[in-house]
Amino acid sequence: MMLRWLMVLIALLVSSSVLAAELYVYNWSEYMPDRILRDFQKETGIKVHMSTYDSNEAMYAKVKLLGAKGYDIVVPSTDYVARMIREGLLQPLDKSKLTNLHNLDPRLLGQSFDPTNTYSVPYMWGSTAIAINTQDPVAAQVRSLADLWKPELQGKLLLPNDMRGVIGLALKRMGRSLNERDPAVVAQACDLLPDVVRNVRLFDSDSPKQALLNREVAVAVLWNGEAFIASRENPAIQYIYPPEGFSLWIDNLCIPKNARNVEAAHRFIDYLLRPEVAARIAEEFTYSSPNIPARALLDPKVQASPVVYPPDDVLARGEFETDLGPATAAYEQCWMRIKTK
Amino acid sequence: MRRDGLFRRLVIAATVVWMAVFGVVPNLLVLGASVSHPSPTTFLSPGFTLGNYALLLDGIHAQILFSSLKLSAAVTAICFGLAYPFAALLARAGRRTRHVLLVLVVIPFWTNSLVRTYAMTVLLNTSGLVNRVLFALGLIDAPLTLLYTTGAVVAGLVYTLLPFMILPLYAALDRFDPRLEEAARDLGAGRFQVLWYIKLPLVLPGIITGCMLVFLPGLGMFYVADVLGGAKTMLVGNFIRDQFLVTRQWPLGAAASTLLTMIMIVLLLIYWWSQRRIHEGKLDV
């Protein structure tokens, strides 16, 4: 009797794993609507399991530790794409299976982190710049990065809880690149930071709009998607692209080197590249979609918003983060110093 | 009788295997990592060095350790101050009151502590309950800055860890035989003498257990510092997490983790010493 049950159980387990293909997606939190996964399963029969992370570092550590298997799709940002390619953690995509590739904005392809897009296709992109609550008289005056250093902002500022995001502010203020590789320049930038950190009420990269909407802070350096949602809830919140420059990012769909379900992973990527699917994602999470026909399907208010789709002259001031190589150590030392005060 | 012996052996064997696989082995791995060389591409490279420990006691890192130890000591002291009167009351209360109070102590555990920590932000924020009540009472005329301060971190830790101080204190005080106190008073001891020579030594193991259960997590609960402190306060726990996930200096993180284990061993030794005093020493009344 016991034996028979056991056999039934085993048969069930085996059949379920053979019949239904399963896909393991590792993505940022608050980045992909559940119904997209359900619809994909309805259409293809492939069940998608999604787990989430809130920093590239956490994703990278896990993928690396698992020997680039365990997940079929990961979504690293620009600098981590470069790093993961360099360390052999990603596999080349089979472009013949990506029939919707032509929908992507050519301005976002062929960037330095993966010049031929052999390993990555853009999922979403956006900027990191300054949101101000104009109801606060001091915050209403903020126009540039340099303004963040003003002592009047004490206790009113939110910065990302992210090493490169914070150090990048000082580098841009000095007129340098976000990807500065000279340790001496990084150290110089780091010396500027205590004066801006003194103004910081909190560091947050999870849901920075919350503190802005609760009026805990009046100025926040955050992602454009968060800023757009915040400004929709409180029209007094404005998003500023500082004249000194700002950071641009692309989060990219990639397949880890030893992924098990490569075929299904390609199908899922191609599915996400469909205009109507990309539009639904960009409607729910208001970052910028790299999918040109998808943009036309969006709410005209979103399409016209310079927060989500900045004009070209603004875009020209932005810079993508790339992998720093050995210079990373200088950034890490600086970050430790800032966090210890 | 034989079956009983077999059952006993099975239970013990299961526990030993469990402890070995999930307790001893991971700790040995951490210990091994803490003496390995750091490596920028592979997390760590095997070898033997004490450099990570030296690095831990150097400049910035020592500063983080020290301020976290200080914070956790303050949390432990506050917990003790709040828990002792409550535990004493509990030990003296009638059966029914005691049950109700104990259930009240345990109820918060039904909700995940991370969720409870987030709930505290709702109480402490600018337009939160605390500010509103103070405002309504006319005690303040502008909202206080409560959230994202060290004070909020301390409050969050005290709130989360208080039951861990109450329960061992209660257990110790409950076991304390009040007749010893009466006898001492009959023999002419003053209040202070009773407390110092009779009560304290007998309750000490409970106090140490409570302090241990509060002090160590007080060093480690990184999410409380992140959620309530605005990621500005670094506990040893935040430091360890950052070494593993952000800067990927596993050996340094492992060394910090081992240091926490060593603190625990010291506290356990003190506990053992206080227990032995009761059972073998002059205190054997």
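Please go through the range B:45-61 and pick out each residue that is surrounded by fewer than 13 Cβ atoms within 10 Å (Cβ to Cβ) and within 11 Å of chain A (Cβ to nearest Cβ).
B:GLY59 - this is the single residue of the range B:45-61 that is surrounded by fewer than 13 Cβ atoms within 10 Å (Cβ to Cβ) and within 11 Å of chain A (Cβ to nearest Cβ).
Residues to consider are B:THR41, B:THR49; find the one that is modelled with pLDDT under 90, farther than 30 Å from B:ALA172 by Cβ and not in a helix (DSSP H, G or I).
Result of the check over B:THR41, B:THR49: B:THR41.
Might you let me know whether the range B:262-270 holds any residue that is touching a Leu at 6+ places or on another chain (Cβ under 7 Å), closer than 30 Å to B:VAL103 by Cβ and buried (at least 22 other Cβ atoms within 10 Å of the Cβ)?
no
Report yes if A:ARG337 is open to solvent by 20 Å² or more (accessible area, probe 1.4 Å) and within 14 Å of another protein chain (Cβ to nearest Cβ), otherwise no.
Here the answer is yes, as A:ARG337 does meet what is asked.
Condition test on A:LEU145, is it open to solvent by 10 Å² or more (accessible area, probe 1.4 Å) and more than 14 Å from chain B (Cβ to nearest Cβ)?
The answer is no for A:LEU145.
Go through the range A:157-182 and give me each residue that's of a type in the set (Asp, Glu) and within 20 Å of A:ALA316 (Cα to Cα).
Result: A:GLU180, single match.
Go through the range B:127-145 and count every residue that is within 13 Å of another protein chain (Cβ to nearest Cβ) and open to solvent by less than 40 Å² (accessible area, probe 1.4 Å).
Residues that pass the stated criteria total 2.
With the requirement that a residue be of a type in the set (Lys, Arg) and at the interface with chain A (Cβ under 9 Å from one of its Cβ atoms), what does the range B:225-252 give you?
Answer for the range B:225-252, where residues must be of a type in the set (Lys, Arg) and at the interface with chain A (Cβ under 9 Å from one of its Cβ atoms): B:LYS232, B:ARG248.
Taking A:LEU193 as the residue in question, decide whether it is buried (at least 17 other Cβ atoms within 10 Å of the Cβ) and modelled with pLDDT of 95 or more.
So A:LEU193 passes the test.
Among the residues of the range A:255-282, which ones are over 18 Å from A:LEU104 (Cβ atoms) and out of contact with any Gly (no Cβ under 7 Å at 6 or more places or on another chain)?
If the condition is that a residue be over 18 Å from A:LEU104 (Cβ atoms) and out of contact with any Gly (no Cβ under 7 Å at 6 or more places or on another chain), then A:PRO256, A:ALA259, A:ARG260, A:ASN261, A:VAL262, A:GLU263, A:ALA264 are the ones that fit.
Considering only helices (runs of 4 or more DSSP H) fully contained in the range A:53-171, which possess at least 2 residues that are touching a residue at least 40 places away in the same chain (Cβ under 8 Å) and assigned by TED's automatic domain parsing to the domain that holds A:VAL186?
In the range A:53-171, the matching helices (runs of 4 or more DSSP H) lie at A:137-140.
What residue, of B:LEU161, B:LEU124, is open to solvent by less than 70 Å² (accessible area, probe 1.4 Å), away from chain A (no Cβ under 14 Å) and in contact with a Leu (Cβ under 9 Å, 6 or more places away or on another chain)?
B:LEU161
How many of the residues in the range B:27-44 are farther than 9 Å from B:PRO251 by Cα, touching a residue at least 12 places away in the same chain (Cβ under 8 Å) and within 14 Å of chain A (Cβ to nearest Cβ)?
The number of residues fulfilling the criteria is 1.
Among B:THR149, B:THR145, B:THR126, which is the only one that is in contact (Cβ under 8 Å) with a residue 24 or more places away in the chain and closer than 18 Å to A:LEU212 by Cα?
Of B:THR149, B:THR145, B:THR126, the one residue that is in contact (Cβ under 8 Å) with a residue 24 or more places away in the chain and closer than 18 Å to A:LEU212 by Cα is B:THR149.
Which condition breaks for B:TYR118 when tested against (1) in a helix (DSSP H, G or I); (2) more than 14 Å from chain A (Cβ to nearest Cβ)?
(2)
All but one of (1) within 14 Å of chain A (Cβ to nearest Cβ); (2) open to solvent by 40 Å² or more (accessible area, probe 1.4 Å); (3) in contact (Cβ under 8 Å) with a residue 24 or more places away in the chain hold for B:ILE64; which doesn't?
Tallying (1) within 14 Å of chain A (Cβ to nearest Cβ); (2) open to solvent by 40 Å² or more (accessible area, probe 1.4 Å); (3) in contact (Cβ under 8 Å) with a residue 24 or more places away in the chain, B:ILE64 fails exactly one: (2).
The values are calculated or read from the model by the stated rules, or taken from the named source; none is laboratory data. Everything quoted here is computed from the prediction, not taken from an experiment. Every residue, glycine among them, receives a Cβ derived from its backbone with ideal geometry; neighbour counts consider all protein chains shown. Surface areas here come from the heavy atoms of the whole protein model, side chains and all, with no ligands, DNA or RNA. Shrake-Rupley method; radii C 1.70, N 1.55, O 1.52, S 1.80 Å.
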